[in-house]
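Chemist: Submitted below is the structure of interest, expressed as structure tokens.
Computed from the coordinates by the stated procedures, all read-outs in this text should not be read as laboratory data. The structure presented is a predicted model; accordingly, all values stated were derived computationally and were not measured. Cβ coordinates were reconstructed from backbone atoms using ideal geometry, including for glycine residues, and neighbour counts include every protein chain displayed.
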Amino acid sequence: MIRLYLLLFAQFFNIGVFSFGGGYATIPFLYDIAQKYNWFTVKQLTDMLAISSITPGPVGVNMATFAGFSTSGILGAAIATSAIVLPSFIFVTIVSKILDKFESNIYVKNIVASLKPAGCALLSAVGIKLLFTSNLHLIGLIILATFVIASFKKKFDPLFYLGVSAIIGISLGYLNLIGI
Amino acid sequence: MDKTFFSVFKTFFKIGLLLLGGGYVILPLLQSELVDKKKWITSDELVQYYAISTSLPGIIAANTAIFTGRKLLKTKGAIAALLGVILPAFIAIILLASIFNEIVRYNFVKYMFWGVGIGVITLLFLAVAEMWKKCIVDKFSVAVYTSCVLLALLTDMSPAIIVIFAVVLGIVHAVFFNKKQEQKYD
């Protein structure tokens, strides 16, 4: 049990140290965890994503809490959640102390300029992988394409996409069109 | 309102409750609570904290909360702000997770999650599009993006290794960039 707690802590601390680019940047790491350990499946990860988009708080915290809780209850949730924010605490404390130096240094500037596209790349890769592993069928792909095209015209609230796709899923499900 | 551990915690708890759809809305929320209503910090300070927070690893909303909390009450403020902003998220998930395993067995819920899965992938691609605008700005960023995407798709490399790879690319670029500038002045 202690070994599991340590492993949980190490995995989520790792996310806190290496995820650049905000809440969604944690997803590639969680995807990696889903494949390596049997804490949760990729399918559960998608469900977790849906849940964390409609609950308060940063997605990364939601994910850590959920993963920790489904692995080993409230204590697991507390461990995973503390582990994911502890690096933030350390980094921000250090950086706010050397703030002046930080911004003008050419190495730091270049590393930051390189980390942002890397974060974007990691997220793109997860999107593509999910596209192939989720059981979407042609009908799901058509809905996805419609959403993306619609977003060019007008930006909707995240809740809109989730709400509409939930209703579509329920309707198609009862019409026996999605084969689950 | 005085700046005490409890008042900072309460303010950030309120912000945490309103953080729907990810941490991206933390900036406007902090602006309205801390700058406009309480006048604890200035708008300039807030934007600077946010910019640095986005380039640090970790959850941006947590980074920003810690930065702002530090400014208000040093380490005590940082702890109060961090606890405040993550506690609503923590409680909400614990409450939902306890019923989650039971409710996913129903057909209704299965169908709903199948549909929501599409919505989630849509949000992922929209987040990529949003990040793309801010991150892909020159030839260097295109090169970093392309190499990282290929590594992530074609190999089993862990994301952490890919991030370290990007750091190395940044350093190499900095060295190269420095040389070019020196040559200019020769």
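Chemist: May I ask you to evaluate 6.51 cos²θ - 1.76 cosθ + 1.60, the Karplus curve with θ = phi - 60°, for each residue of the range A:113-128 and list the ³J(HN,Hα) values in order in whole Hz, giving x for glycine and proline?
Modeler: My calculation for the range A:113-128 gives 5, 8, 6, 5, x, 5, x, 5, 5, 4, 5, 4, 4, 5, x, 5 Hz in order.
Chemist: Would you calculate the separation in nanometres between label points at A:K43 and B:A143, each defined as 7 Å from the Cα along the Cα-to-beta-carbon direction?
Modeler: Calculated label separation equals 4.4 nm.
Chemist: From the phi angles alone, apply the Karplus equation (6.51, -1.76, 1.60; θ = phi - 60°) to the range A:40-46 and give each ³J(HN,Hα) in whole Hz, x where the residue is Gly or Pro.
Modeler: 7, 9, 4, 4, 5, 4, 4
Chemist: Right, here's the next one. Taking neighbour counts of Cβ atoms within 10 Å as a proxy for exposure, in what order, fewest first, do A:S171, A:S96 appear?
Modeler: Least crowded to most crowded, the residues run A:S171, A:S96.
Chemist: Taking the Cα atoms only, what angle lies between the long axis of helix A:27-36 and the longest principal axis of chain A, rounded to 10 degrees?
Modeler: That helix lies at roughly 80 degrees to the long axis.
Chemist: Let me ask something else. Taking beta carbons within 10 Å but only from partner chains, what does the mean come to for residues A:145-155?
Modeler: Mean partner shielding for this stretch: 2.
Chemist: Which angle between 0 and 90 degrees, to the nearest 10, do you get for helix A:59-97 versus the longest principal axis of chain A when only C-alpha atoms count?
Modeler: On a 0 to 90 degree scale, this one is about 40.
Chemist: Any idea what the relative contact order of the range A:2-99 is, in percent, if you count C-alpha pairs under 8 Å spaced at least 6 apart?
Modeler: Once normalised by length, the contact order is 34 percent.
Chemist: Tilt of helix A:2-18 relative to the longest C-alpha principal axis of chain A, in degrees (0 to 90, nearest 10)?
Modeler: Helix A:2-18 sits roughly 80 degrees off the main axis of chain A.
Chemist: To the nearest whole number, what is the average tally of beta carbon atoms from other chains within 10 Å of the beta carbons of peptide B:168-174?
Modeler: Mean inter-chain Cβ contacts per residue within 10 Å come to 6.
Chemist: Oh, and also: Whole-Hz Karplus ³J(HN,Hα) for the range B:87-92, in order, using 6.51 cos²θ - 1.76 cosθ + 1.60 and θ = phi - 60°, x for Gly and Pro?
Modeler: With the stated coefficients, the range B:87-92 comes to 4, x, 4, 4, 5, 4 Hz.
Chemist: Next up: Which pairs break 23 Å Cα to Cα here: B:K39/B:K71; B:K39/B:K74; B:K14/B:K76; B:K10/B:K38; A:K116/A:K154; B:K14/B:K37?
Modeler: A:K116/A:K154
Chemist: Which order do peptides A:35-46, A:61-72, B:119-130, B:83-94 fall in by mean Cβ count within 10 Å, highest first?
Modeler: Working: A:35-46: 15.4, A:61-72: 27.2, B:119-130: 21.9, B:83-94: 23.6.
Highest-to-lowest ranking by the protection proxy: A:61-72, B:83-94, B:119-130, A:35-46.
Chemist: Taking every pair of Cα atoms in the range B:1-103, average 1/r, invert it to obtain the Kirkwood radius, and report Rg/Rh to two decimals.
Modeler: Dividing the radius of gyration by the Kirkwood radius yields 1.01.
Chemist: Give me, ordered by chain and number, the residues 5 or more places off A:T55 or on other chains with an amide H under 5 Å from its own placed amide H.
Modeler: Residues meeting the criterion, in which the H sits 1.01 Å from N, are B:G21.
Chemist: Let me ask you something else. Restricting to Cα pairs below 8 Å that are 6+ residues apart, what does the relative contact order work out to for chain B? Please round to a whole percent.
Modeler: The value is 19 percent.
Chemist: Here is a follow-up. When ranked by the protection proxy of mean other Cβ atoms within 10 Å per residue, highest first, what sequence do the peptides A:122-129, B:150-157 form?
Modeler: Order by mean packing, descending: A:122-129, B:150-157.
Chemist: Oh, and also: Please pull out the direction-averaged projected area of chain B, using the convex hull of its alpha-carbon atoms, in nm² to one decimal place.
Modeler: If I average the Cα hull's projected area over directions, I get 15.3 nm².
Chemist: A follow-up question, please. I want to verify a result. In a Gaussian network model of chain B, Cα cutoff 10 Å, which of these has the top mean-square fluctuation: B:S141, B:S158, B:S43?
Modeler: B:S158
Chemist: Kindly state, to the nearest 0.05, the FRET efficiency for B:R105 paired with A:L131, given R0 = 30 Å and r defined as their beta-carbon distance.
Modeler: Between B:R105 and A:L131 the formula returns 0.70.
Chemist: How high is the relative contact order of chain A, given as a whole-number percent (alpha carbon pairs under 8 Å, six or more residues apart)?
Modeler: The normalised contact order for chain A reaches 24 percent.
Chemist: Give the span of the protein assembly as shown's Cα atoms along each principal axis, as three whole-Å numbers ordered largest to smallest.
Modeler: 71, 53, 48
Chemist: What does the structure give for B:75-82 when I average, per residue, the other chain Cβ atoms found within 10 Å of the residue Cβ?
Modeler: Across B:75-82, the average partner-chain Cβ count within 10 Å equals 2.
Chemist: Give the distance, in whole Å, between the Cα centre of the range B:103-141 and the Cα centre of the range A:105-136.
Modeler: The distance from the Cα centre of the range B:103-141 to that of the range A:105-136 comes to 14 Å.
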